[in-house]
Amino acid sequence: MNVDKLYTRETSEHGAWCDIRDPLGAETGLRFKIAGAHSDKFRRAMTKAQAKQVNREKLRGRRDITPEELELEFDLMADVLAEVTLDWNAEKDGADWPCNVENAKDVYINAPDVRKQVFQFASDARHYFLSPSSADVSESE
């Protein structure tokens, strides 16, 4: 087997569509296009988040972490996922809602089930184990 057939970095960069389900597992009609965990975009976002975390730890020194500081750790994953959300069909207040980092972070902070779904989706290479042109094929979990 040609090892090139196992490469997912490029298709991860192009993203794949994730069908969003509500907390009970029902389809919502929402679809988010997500760059995968093997993409350069995801790796850059993770590196940025890890740098924030290390800097916070340096500022804190050796004292115990507070609940407020621990809460910031949840925001770091929202930051990462917001950076790798490439597109969506979301609406807010009856109108199309632009897909941008700020709006995506709002979703990931206020809808933890969506954050969990998108993280699991991005982490699963099967969604990106396709040619770049066919990466738009959606597969829900």
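The values are calculated or read from the model by the stated rules, or taken from the named source; none is laboratory data. What you are looking at is a predicted structure, and each value in this text was computed from that prediction instead of being measured. For neighbour counting, all protein chains shown are included, and Cβ atoms are generated from backbone atoms with ideal geometry for every residue, glycine included.
May I ask you to verify whether Ala37 is in contact with a Ser or Thr (Cβ under 8 Å, 6 or more places away or on another chain), under 30 Å from Phe129 (Cβ atoms) and of a type outside the set (Lys, Arg)?
Working: in contact with a Ser or Thr (Cβ under 8 Å, 6 or more places away or on another chain): yes; under 30 Å from Phe129 (Cβ atoms): yes; of a type outside the set (Lys, Arg): yes.
Yes, satisfied.
Of all residues in the range 41-88, which are of a type in the set (D, E, K, R), under 25 Å from Arg31 (Cβ atoms) and either in contact with a helix residue (DSSP H, G or I) (Cβ under 7 Å, 6 or more places away or on another chain) or at pLDDT below 85 (or both)?
So in the range 41-88, the residues of a type in the set (D, E, K, R) come out as 41, 43-44, 48, 52, 56-58, 60, 62-64, 68-69, 71, 73, 75, 79, 83, 87.
Among the residues that remain, those that are also under 25 Å from Arg31 (Cβ atoms) are: 41, 43-44, 75, 79, 83, 87.
Passing the criteria: Lys41, Asp75, Asp79, Glu83.
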- Item | Of all residues in the range 19-52 being hydrophobic (A, V, I, L, M, F, W, C) and either in a strand (DSSP E or B) or in contact with a Gly (Cβ under 8 Å, 6 or more places away or on another chain) (or both), the one that is surrounded by the fewest Cβ atoms within 10 Å (Cβ to Cβ) | Leu30
